[in-house]
Amino acid sequence: MRKAGNEEIHRAITAGIVFSGDKLRPKRDEPKVKTKAKKKSYITGAHGSGAAKKKAAIRQQRANRHKGK
């Protein structure tokens, strides 16, 4: 393990240590994943899936519950 010198320690104490993740990690040029789950028909349950209809009903109940406050 490398030992830091007194000057380096003093500089770290007075100036601080900056951890910048942007320079350490290379940028990825991968495209974002587009999912059907964020489209309106899937959120409202209009596409026919039973699970989506159930989730839409739960969202509607929650929205109605918070309306009166």
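The values are calculated or read from the model by the stated rules, or taken from the named source; none is laboratory data. Computed from a predicted model, the values in this text were never measured in an experiment. Methodologically, a virtual Cβ is constructed for each residue, glycine included, from the backbone with ideal geometry; neighbour enumeration extends over all protein chains shown. SASA here: full protein model, heavy atoms, side chains in, ligands and nucleic acids out. Shrake-Rupley method; radii C 1.70, N 1.55, O 1.52, S 1.80 Å.
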Task: Filtered residues of the range 46-63 (kept if among the polar types (S, T, N, Q) and open to solvent by 80 Å² or more (accessible area, probe 1.4 Å)) - done: Gln60, Gln61
TODO: Tally the residues that are among the hydrophobic types (A, V, I, L, M, F, W, C), surrounded by fewer than 10 Cβ atoms within 10 Å (Cβ to Cβ) and either at pLDDT below 70 or not in a helix (DSSP H, G or I) (or both), restricting the search to the range 1-43.
DONE: 7
